Amino acid sequence: MSTIYLETTKKLYKEAAEKPEIGLCCTTTPVWKLPGLDIPVIMQQMNYGCGSTVHPRDLTNNPRILYVGVGGGMELLQFAYFSRQKRGVIGVDVVDEMLAASERNFVEAEKINPWFHKEFVLLKKGNALNLLVEDSSIDCAAQNCLFNIFKKTELEQALKEMYRVLKPRGRLIMSDPICETEIPETLRNDERLRALCLSGSMPLKQYIKMITDVGFGTIEIRAKRPYRVLDPINYDTHKLIYLESVEICAIKDPMPTDGPCVFTGRSALYYGTDIFFDDGKGHVLMANQPLAVCDKTADALKALNRNDLFISESTWFYDGGGCC
Ligand SMILES: C[S@@+](CC[C@H](N)C(=O)[O-])C[C@H]1O[C@@H](n2cnc3c(N)ncnc32)[C@H](O)[C@@H]1O
């Protein structure tokens, strides 16, 4: 990993650990409100993510959770809310001051959440590019607004590391900015802007390809929201650059022989005269009932060119169920 990247990141997040920088990453996702969960104000001020990686449906059966890039610890507290076991959540960060800040914040959290013990979280110094975590030992791994800081080769390495530590069928849950507009090289190479999660993002399709290239067989796009704009007055760009944030869950399912299943919120509806339509490949559509389908199946059904099938566009909101 380039030393400039690390120096810039360490400096920026040391400052953000010592004095909360409200809006550093700017999330538009409301903070989880759950019965008995009280998030200390300091943690909310240090919310440096761009979405949420905490989804109750990922967290059944006492999962072992790994969270990389801890920030103020808010999402670790939310994960601990579901796991409630000693060292059930492992938090890794490369910046000492950030680890110390989240440790302090957990003491505050303990005071206002009777169910919470700071031993539920194990904080470790470490690097996303070389996780000191055993192979196939984690049920749920998460990162929020960290991977977009990396350049392509670092991102490949970080994804490989997450894949390595996950158990078969384990889940990598991520929230990151994406950008469908070309980001000028001057901005892309600006280490500070990258560290601020502003100039390192890539188009969603390219991001998905990088994730599936390391082996994840199933991808869920769970949310897509407006994030930021980089405008010609404030940034070194001639055109307005629009950034969005996405929530992605990558599942360590075996890779299907015909390629990964990527769910982007598409559905298929059959409106013919029969009770159902069966494509002979495991997809049965009951008359006028939507079936959530992955993009591969959506495209295959569309290619049948039938006048009794409707295939919806991506909603970028997929919350389970359906084909594959
Ligand atoms: C944008 S902040 C996000 C913090 C947190 N995930 C949140 O949502 O509030 C990025 C975090 O990643 C940490 N970080 C940066 N580079 C890292 C690396 N190579 N390995 C582990 N952590 C890293 C920073 O110290 C910081 O805590």
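The values are calculated or read from the model by the stated rules, or taken from the named source; none is laboratory data. The shown structure was predicted, so the numbers you read here are calculated from the model rather than taken from an experiment. Here the Cβ is made from the backbone with ideal geometry for all residues, glycine too, and neighbour counts use every protein chain on show.
Give the residues of region 28-54 that are part of a loop (DSSP other than H, G, I, E, B), without any contact (Cβ under 8 Å) to a residue 40 or more places away in the chain and more than 9 Å from the ligand (Cβ to nearest atom), sorted by residue number.
Restricting attention to region 28-54, the residues satisfying the condition of being part of a loop (DSSP other than H, G, I, E, B) are 28-40, 46-54.
Checking which are without any contact (Cβ under 8 Å) to a residue 40 or more places away in the chain leaves us with 30, 33, 35, 47.
Across region 28-54, the qualifying residues are Pro30, Lys33, Pro35.
Of all residues in region 144-158, exactly one satisfies the criterion of being in contact with a Phe, Trp or Tyr (Cβ under 9 Å, 6 or more places away or on another chain) and more than 13 Å from the ligand (Cβ to nearest atom), namely Glu156.
Does Gly91 satisfy the condition of being on the phi > 0 side of the Ramachandran plot and within 11 Å of the ligand (Cβ to nearest atom)? No, not satisfied. Here is the figure for region 88-130: residues that are in contact with a strand residue (DSSP E or B) (Cβ under 7 Å, 6 or more places away or on another chain) and either of a type in the set (Val, Ile, Thr) or farther than 20 Å from Ala195 by Cα (or both) total 12.
Taking the conditions exactly as written (in the same structural domain as Ile90 (by TED's automatic domain parsing), more than 22 Å from Thr257 (Cα to Cα) and in contact with a His (Cβ under 8 Å, 6 or more places away or on another chain)), does Arg192 satisfy them or not? Against the criterion (in the same structural domain as Ile90 (by TED's automatic domain parsing), more than 22 Å from Thr257 (Cα to Cα) and in contact with a His (Cβ under 8 Å, 6 or more places away or on another chain)), Arg192 does not qualify.
Screening region 159-219 for helices (runs of 4 or more DSSP H) wholly inside it with 1 or more residues that are within 16 Å of the ligand (Cβ to nearest atom), surrounded by fewer than 22 Cβ atoms within 10 Å (Cβ to Cβ) and modelled with pLDDT under 95 returns the ranges 191-195. Considering region 18-35, and only residues there that are surrounded by 12 or more Cβ atoms within 10 Å (Cβ to Cβ) and more than 22 Å from the chain's Cα centre (by Cα), the residue that is modelled with the lowest pLDDT turns out to be Pro20.
Taken together, the criteria place Pro260 among residues that are farther than 16 Å from Leu196 by Cα, modelled with pLDDT of 95 or more and touching a helix residue (DSSP H, G or I) at 6+ places or on another chain (Cβ under 7 Å).
Cβ separations smaller than 9 Å between residues 6+ apart or across chains give no pair from region 131-151 residues that are over 23 Å from Pro177 (Cβ atoms) and modelled with pLDDT under 95 to residues that are more than 14 Å from the ligand (Cβ to nearest atom) and in a loop (DSSP other than H, G, I, E, B).
Given the structure, is Arg57 in the same structural domain as Cys179 (by TED's automatic domain parsing), in contact (Cβ under 8 Å) with a residue 40 or more places away in the chain and touching an Asp or Glu at 6+ places or on another chain (Cβ under 6 Å)? Working first, answer last.
Values: in the same structural domain as Cys179 (by TED's automatic domain parsing): yes; in contact (Cβ under 8 Å) with a residue 40 or more places away in the chain: yes; touching an Asp or Glu at 6+ places or on another chain (Cβ under 6 Å): no.
It is false that Arg57 is in the same structural domain as Cys179 (by TED's automatic domain parsing), in contact (Cβ under 8 Å) with a residue 40 or more places away in the chain and touching an Asp or Glu at 6+ places or on another chain (Cβ under 6 Å).
Can you find a residue that is in a helix (DSSP H, G or I), within 25 Å of Lys224 (Cα to Cα) and within 11 Å of the ligand (Cβ to nearest atom) anywhere in region 59-75? Explain how you work it out, then say what you get.
So in region 59-75, the residues in a helix (DSSP H, G or I) come out as 74-75.
Now restrict to residues that are within 25 Å of Lys224 (Cα to Cα): 74-75.
Narrowing further to those that are within 11 Å of the ligand (Cβ to nearest atom): 74-75.
Checking region 59-75: at least one residue is in a helix (DSSP H, G or I), within 25 Å of Lys224 (Cα to Cα) and within 11 Å of the ligand (Cβ to nearest atom).
Of the residues making up region 159-189, those that are without any contact (Cβ under 8 Å) to a residue 40 or more places away in the chain and either of a type in the set (S, T, N, Q) or farther than 12 Å from Leu66 by Cα (or both) are Arg164, Glu182, Glu185, Arg188, Asn189.
Do you know which residues across region 129-158 are under 14 Å from the mean Cα position of the chain (by Cα) and assigned to a loop (DSSP other than H, G, I, E, B)?
From region 129-158, those under 14 Å from the mean Cα position of the chain (by Cα) are 140-149, 155, 158; that's our starting set.
Selection gives Cys145, Leu146.
Among the residues of region 108-128, those that are closer than 23 Å to Asn62 by Cα and assigned to a helix (DSSP H, G or I) comprise Ala109, Glu110, Lys118, Glu119, Phe120. Just one of (1) farther than 29 Å from Ile221 by Cα; (2) modelled with pLDDT of 90 or more; (3) of a type in the set (A, V, I, L, M) fails for Ile4. It is (2). Residue count for region 258-304, restricted to those that are over 23 Å from the mean Cα position of the chain (by Cα) and either outside any loop (DSSP other than H, G, I, E, B) or among the basic types (Lys, Arg) (or both): 19.
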